[in-house]
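Only one structure is covered here, and it is reproduced in the block below.
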Amino acid sequence: MSVFCQGLFEGKVVLVTGGGTGIGNVIARTFGEHGAKVAIASRKQVVLDAAKEELKANGIECIAIACDIRKPEMVALVVNEIIAVWGSLDVLVNNAAGNFPARIEDLSANAFKTVIDIDLQGTFNVSKAAFDAWMKENGGAIINITAPYENFGVAWQAHAAAAKAGVVSFTRSAAVEWRPLGIRVNGVAPGGVLQTEGIDRLQESLTNKPGAGVYVEAGDIASAVLFLASDAARCITGENLYVDGGATVDMTKMAAYES
Ligand code: NAP
């Protein structure tokens with residue numbers, strides 16, 4: 001049972017990028033379960049359509065629009081369509097990202113750039129589109145899904161760590177610039193989340209290491225996002241909230257992240 005009241009986001013419009021799969025899908029569903037109309041956007045229309053049908057079967061109003069967040073023109077079309085259909089865009093969750101484990105020596109320039117383009121440039125593109133089309137005049141809340149990486153060195157994740165550190169920095173700058181306009185910008189940094197593709201791949205080896213068992217669930221990330229999007233967080237902006245079961249404050253648990 002949810003700790004939030006059921007109609008908390010009644011009448012609100014939420015866009016979740018990458019909302020067809022994994023954590024983004026749980027975030028989209030959780031907003032919908034609390035009354036929001038939910039738009040999901042990513043590249044694969046077939047994945048989005050399946051997710052949309054599932055959300056609708058649970059009584060959630062949903063639109064699903066194919067979009068590559070690396071392309072600002074496509075992103076602007078998506079944001080404009082959401083506003084044309086539902087009349088507002090109150091909450092943006094920048095969740096879409098690309099990642100794969102790789103040592104620096106095996107990363108091509110193009111592989112590194114691709115992750116920066118999706119995670120960092122994509123977050124900028126969608127935030128800017130939401131700002132231009134709606135939030136500049138009406139305020140809103142932006143939540144960027146980051147990673148608990150920016151204060152550490154992370155083996156096999158130099159590309160994602162650099163991209164997410166950039167997202168944290170962008171979060172803070174946008175929070176400062178857009179605060180006078182009633183736009184709050186925060187981050188949520190998940191630890192290793194169970195039942196997501198990347199972590200499933202790593203899980204078997206990690207569970208044999210000391211300090212394993214620090215995994216959180218996608219619902220824990222959704223709860224943090226809903227809190228930051230709600231009026232309960234009206235004085236919170238520029239933060240990056242770690243939701244990692246304490247992994248990063250406990251050096252023994254950090255051993256679970258070693259290569
Ligand atoms: P996921 O299921 O792989 O989700 C990534 C989503 O991003 C997919 O829906 C994908 O859809 C979309 N996407 C990728 N490239 C895109 C592009 N160019 N344009 C538009 N959409 C794009 O990953 P997840 O594990 O749920 O992760 C969700 C978020 O949490 C990410 O920001 C990730 O970095 C963060 N995170 C996850 C973990 C974890 O343990 N899983 C830990 C720390 C942080 P398409 O393929 O259809 O485009």
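A short reminder: the numbers here are calculations on the coordinates, not readings from a lab. Predicted, not measured: the structure shown is a model, and the values here were computed from it. When we count neighbours, we look across all protein chains shown, and the Cβ atoms used for this are built from the backbone with ideal geometry, even at glycine.
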With respect to the cross-link table entries Lys52/Lys164; Lys12/Lys164; Lys113/Lys164; Lys56/Lys164; Lys37/Lys71, which display a Cα-Cα separation exceeding 21 Å? Lys52/Lys164; Lys12/Lys164; Lys56/Lys164; Lys37/Lys71
Backbone N within the stretch 93-126 under 11 Å of label point (7 Å from Glu197 Cα along the Cβ vector): 97-100
With contacts defined as alpha carbon pairs under 8 Å and 6 or more residues apart, what's the relative contact order of the stretch 102-161 in percent? 62
Neighbour net charge for Arg234 - beta-carbon separation under 12 angstrom, K R +1, D E -1: +1
Sparse-neighbourhood loop hits (trypsin sites (Lys or Arg not before Pro), the stretch 1-47; DSSP loop; Cβ within 10 Å at most 12 others) -> Lys44
GNM, the chain, Cα, under 10 Å: largest mean-square fluctuation among Asn110, Asn80, Asn186? Asn110
Per-peptide average of other Cβ atoms within 10 Å, ordering 90-102, 222-234 highest first: 90-102, 222-234
One quarter of the convex hull surface, Cα atoms only: what value does that give for the stretch 88-188 in nm²? 6.2
Per-residue HN-Hα couplings for the stretch 66-82 [Karplus 6.51, -1.76, 1.60; θ = phi - 60°; Hz; x = Gly/Pro]: 6, 6, 9, 5, 6, 10, x, 5, 5, 4, 4, 4, 4, 4, 5, 5, 4
Which whole-number percentage describes the relative contact order of the stretch 1-122, with Cα contacts under 8 Å and a sequence gap of 6 or more? 26
When a footprinting reagent is the concern and you count Cβ atoms within 10 Å, what order do Val47, Val16 take, fewest first? Val47, Val16
In a Gaussian network model over the chain where Cα atoms closer than 10 Å are linked, find which of Gly245, Gly87, Gly139 has the largest mean-square fluctuation. Gly87
Could you run the Karplus curve 6.51 cos²θ - 1.76 cosθ + 1.60 with θ = phi - 60° over the stretch 149-165 and give me ³J(HN,Hα) per residue in whole Hz, x for Gly and Pro? 10, 5, 9, 9, x, 10, 4, 6, 10, 4, 5, 5, 5, 5, 5, 6, 4
Under DSSP loop assignment and at most 12 Cβ neighbours within 10 Å, longest GluC sites (Glu not before Pro)-free interval of the chain: 11-257
Which net charge results for the neighbourhood of Thr171, defined as the other residues with beta-carbon distances under 14 angstrom from its beta-carbon, given Lys and Arg at +1 and Asp and Glu at -1? +1
Could you check which residue among Gly59, Gly187, Gly166 shows the biggest mean-square fluctuation in a GNM of the chain with a 10 Å Cα cutoff? Gly59
Exactly which trypsin sites (Lys or Arg not before Pro) in the stretch 136-194 are in a DSSP loop and have at most 14 other Cβ atoms within 10 Å? none
Would you compute, from DSSP H runs of 4+ residues alone, the mean residue ellipticity of the chain at 222 nm, taking -39500 (n - 2.57) per run and dividing by the full residue count, rounded to the nearest 500? -12000 deg cm²/dmol
Which residues' amide hydrogens lie under 5 Å from the amide hydrogen of Ala39, considering only partners 5 or more residues apart or on another chain, with H built in the peptide plane? Val14, Leu15, Val16, Ile63
Please compute the Cα-Cα pair-distance distribution of the chain with 10 Å bins starting at 0, giving whole percents from short to long. 7, 32, 38, 19, 4, 0
